[in-house]
Amino acid sequence: MFNKDYIEKNSRERFLREKNDKWSPEAEKLLEDYEKMDKMLKRAEKKLDERKKGPIRKLFDNVNYMILLLKDYMKGEYKQIPYGSVILTTAAVLYFVNPFDFVPDFISGFGFVDDLAVVTLAVKQIEADLEKYKDWREKR
């Protein structure tokens, strides 16, 4: 009757599309302003360091790679990635940094859940590009 996998996949994609539609214009602006992007990435690193404590630290590994990818992209060291993936990566990291997203970060124990959901969904969309980046990074 109903295909559960299809429904779940469409729900995830719709959620990500809605988040991406909201954050993509801001992501594109950041990609045009090196200083603002650098500030945002530093905030993301700081938040990541705070979140990497405890049993959930492994879940944030992809956020770290996304930050590193964006830094290397902005420095011109890594350009082997479609621009759409750069925008999605930027939007996901921007969402991660924002303290007043869907579930505000100050809500103890739950504030990071939506951050992880958005990052996980973004990673699913850019997984091949992120893996290529990881390989590139290991080889240099």
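The values are calculated or read from the model by the stated rules, or taken from the named source; none is laboratory data. Quick caveat: nothing in here was measured; it's all calculated off a predicted structure. Because the Cβ atoms are built from the backbone with ideal geometry, glycine has one as well, and the counts that use them run over all protein chains shown.
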Checklist entry - Just wondering, is there one or more residues in the stretch 81-96 that are under 22 Å from LYS134 (Cα atoms), modelled with pLDDT of 80 or more and not in a helix (DSSP H, G or I)? => result yes
Next on the checklist: Could you check the stretch 121-140 and list, in sequence order, the residues that are touching a residue at least 60 places away in the same chain (Cβ under 8 Å) and surrounded by 16 or more Cβ atoms within 10 Å (Cβ to Cβ)?
Outcome noted: LEU121, ALA122, VAL123, GLN125, LEU130, TYR133
Checklist entry - Is one or more of the residues making up the stretch 63-78 surrounded by 20 or more Cβ atoms within 10 Å (Cβ to Cβ), within 10 Å of the chain's Cα centre (by Cα) and modelled with pLDDT under 90? => result yes
